[in-house]
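Just below is one structure, and these are the notes that go with it.
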Amino acid sequence: MSVRYAIIGAGAVSDYHHVPGIRLDPRSSVVAVCDPNEELLAKRRDQWGVAKTTTNYEEIAADPDVDAVIIATPNDTHRPIALACIAGGKHVMCEKPLGLNFSESKEMYRAARDRNVKHMTAFTYRFAPSMRYLRHLVKSGQLGELRHFRSQRFLDWPETSWGWRQYKKTAGGGDLFDMTIHRIDFAMDLMGPLSNLCGAVATFCPRDRTADGRSCPPSEVDDWSALIGRFESGAVGVWEGSTVMKGYHNDGFGHEWAEVNGTLGSAVYRLQDPNNILLGQSGHSLQATPVPEEFLKWPGSPRNPHEGVASTVFRYDLVFELTSAILEDRPAVPGFDDGARAQAVADAVLASSDSRTWIDLDLNVD
């Protein structure tokens with residue numbers, strides 16, 4: 001059986017992550033593309049070799065020749081597109097954040113659960129080799145009792161307009177919803193649920209000019225976010241992210257450092273070098289260690305982990321996981337439930353920043 005995918009949102013993310021992932025797997029194919037931009041549709045028709053194109057996602061939702069969809073559209077469109085496709089019986093992968101808030105994200109999860117379709121949130125970095133190996137070290141007890149998590153994600157992006165991404169109505173949030181939410185997700189995957197937090201956001205750049213110098217309404221969303229949280233286990237965590245940190249370009253990949261500290265040792269994942277991990281024990285310094293071969297790609301993936309740019313190619317395994325879940329009739333990882341819980345935490349960061357107080361979390365999605 002082949003899983004027939006439709007891409008809804010034909011922009012850079014689909015071209016960069018999802019279509020290459022589909023093409024690597026002989027069990028999957030792209031059969032349709034949907035985007036409101038007719039010029040982009042024509043371009044993708046030629047580039048991707050797809051005959052069926054449309055500007056109307058409801059046509060995709062009703063198409064019997066489509067088994068699954070990947071939604072890579074502006075944040076405010078995720079909910080209506082996902083609900084339509086779920087009602088049409090399609091399996092769904094959706095870019096993060098799932099919705100503009102926890103309520104929307106929870107509704108999307110419940111709809112997919114009740115319709116019994118496979119659902120997946122595109123939390124890319126769970127698939128990075130060193131993150132997968134870090135998870136193994138945590139779950140196997142090799143770091144001991146977990147005490148502390150820390151994440152730092154810095155990017156050096158232009159300070160010009162982000163388009164729809166800089167307005168609350170269409171994006172919901174800025175760095176927090178776009179970048180820090182990934183780190184919230186994999187922290188809870190490693191450490192367990194968060195129980196409470198305090199957070200803060202800031203907007204440093206007005207972004208009132210486009211790249212070509214035209215004026216536009218200024219940004220309404222954050223370009224820096226941070227939080228301190230307590231996990232239900234008693235461990236603690238610290239997160240910080242920003243898109244305006246000068247000198248952190250690194251060929252567009254920026255800087256990422258995520259560490260777990262336990263009673264027996266510490267381990268560090270870095271996006272800049274995802275095929276190596278830093279490991280250390282008490283009395284010793286952190287040392288770079290190659291990620292074991294079995295963690296360099298998702299189990300069963302046809303991808304050659306030694307080909308391509310290491311910080312890019314692991315992203316292709318997302319679609320492989322969804323295809324496998326569909327064909328094996330099992331839940332996909334990470335699901336909409338994971339996306340909704342991460343959204344609940346992100347919402348609480350905004351609430352904490354506004355009120356300048358600690359926030360207790362309710363992560364129940366059922």
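What the table below lists for this structure:
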item: Neighbour-count ranking [beta-carbon atoms within 10 angstrom, fewest first] of Phe149, Phe253; result: Phe253, Phe149
item: Which of Thr73, Thr160 has the fewest Cβ neighbours within 10 Å, and the rest in rising order; result: Thr160, Thr73
item: Label-to-label distance, nm, for residues given as Lys43 and Ser233 (7 Å Cα→Cβ offset); result: 4.4
item: Computed Kirkwood radius, in angstrom, where 1/r is averaged over Cα pairs of the chain; result: 21.0
item: Radius 14 Å from Cβ of Ser324, net charge of other residues (Lys, Arg +1; Asp, Glu -1); result: -1
item: Three-way shape call for the range 272-323 based on the alpha-carbon gyration tensor, with the a/c threshold at 1.5; result: prolate
item: In Hz, Karplus ³J(HN,Hα) per residue of the range 14-26 (6.51, -1.76, 1.60; θ = phi - 60°; x = Gly, Pro); result: 5, 5, 7, 9, 7, 5, x, x, 5, 5, 6, 9, x
item: Around Met245: net Lys/Arg minus Asp/Glu count, Cβ-Cβ under 13 Å; result: -4
item: Anisotropy class of the range 224-366 from Cα gyration tensor, a/c 1.5 cut; result: oblate
item: Per-pair calculated FRET efficiency, R0 = 51 Å: Ala288 and Thr357 via Cβ, rounded to 0.05; result: 0.80
item: Linear extension gain, Asp114 paired with Thr263, 0.36 nm per residue minus alpha-carbon span; result: 49.5 nm
item: Contact order relative to length of the chain, as percent, for alpha carbon pairs under 8 angstrom and 6 or more apart; result: 21
item: Reach of Lys43 by Cα under 12 Å, taken over aspartates and glutamates that are not fewer than 8 positions away in the same chain; result: Asp15, Asp35
item: Beta bridges per DSSP with both ends in the chain, % antiparallel, nearest 5; result: 60
item: Under 10 Å, Cβ to Cβ, from His255 - net charge with Lys/Arg +1 and Asp/Glu -1; result: 0
item: Mean residue ellipticity (222 nm) of the chain, computed from DSSP H runs ≥ 4 via -39,500 (n - 2.57), nearest 500; result: -8500 deg cm²/dmol
item: Estimated distance in nm for a label pair at Tyr16 and Lys168, the labels positioned 7 Å out from Cα along Cα-to-Cβ; result: 2.8
item: Within the chain: Cβ-based charge dipole about Cα centre, in debye rounded to nearest 20 (Lys, Arg +1; Asp, Glu -1); result: 320
item: Whether the range 3-124 is rounded, prolate or oblate, judged on the alpha carbon gyration tensor where a/c under 1.5 counts as rounded; result: prolate
item: Taking Val201, Val238 and counting other C-beta atoms within 10 Å, the order from fewest to most; result: Val238, Val201
item: Pairs from Lys169/Lys297; Lys90/Lys139; Lys106/Lys169; Lys96/Lys118; Lys52/Lys168 whose Cα-Cα separation, in the structure shown, is over 28 Å; result: Lys169/Lys297; Lys90/Lys139; Lys52/Lys168
item: Lys/Arg +1, Asp/Glu -1 at C-beta; the chain dipole; positive extreme among Val319, Leu190, Phe154; result: Leu190
item: Charge-dipole axis of the chain as Lys and Arg at +1 and Asp and Glu at -1 on Cβ define it, positive-most pick from Ile70, Gly173, Leu264; result: Leu264
item: Whole-Hz ³J(HN,Hα) from phi, Karplus 6.51 cos²θ - 1.76 cosθ + 1.60, for the range 184-196, glycine and proline x; result: 4, 4, 6, 5, 6, 5, 7, 10, x, x, 7, 9, 7
item: Packing-based order for 14-20, 245-251, using average beta carbon neighbours within 10 Å, highest first; result: 14-20, 245-251
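Only the coordinates and a few stated rules stand behind these numbers; no lab work does. Computed from a predicted structure; not experimentally measured. Heads up, the Cβs are rebuilt from the backbone with ideal geometry, glycines too, and the neighbour counts pull from every protein chain shown.
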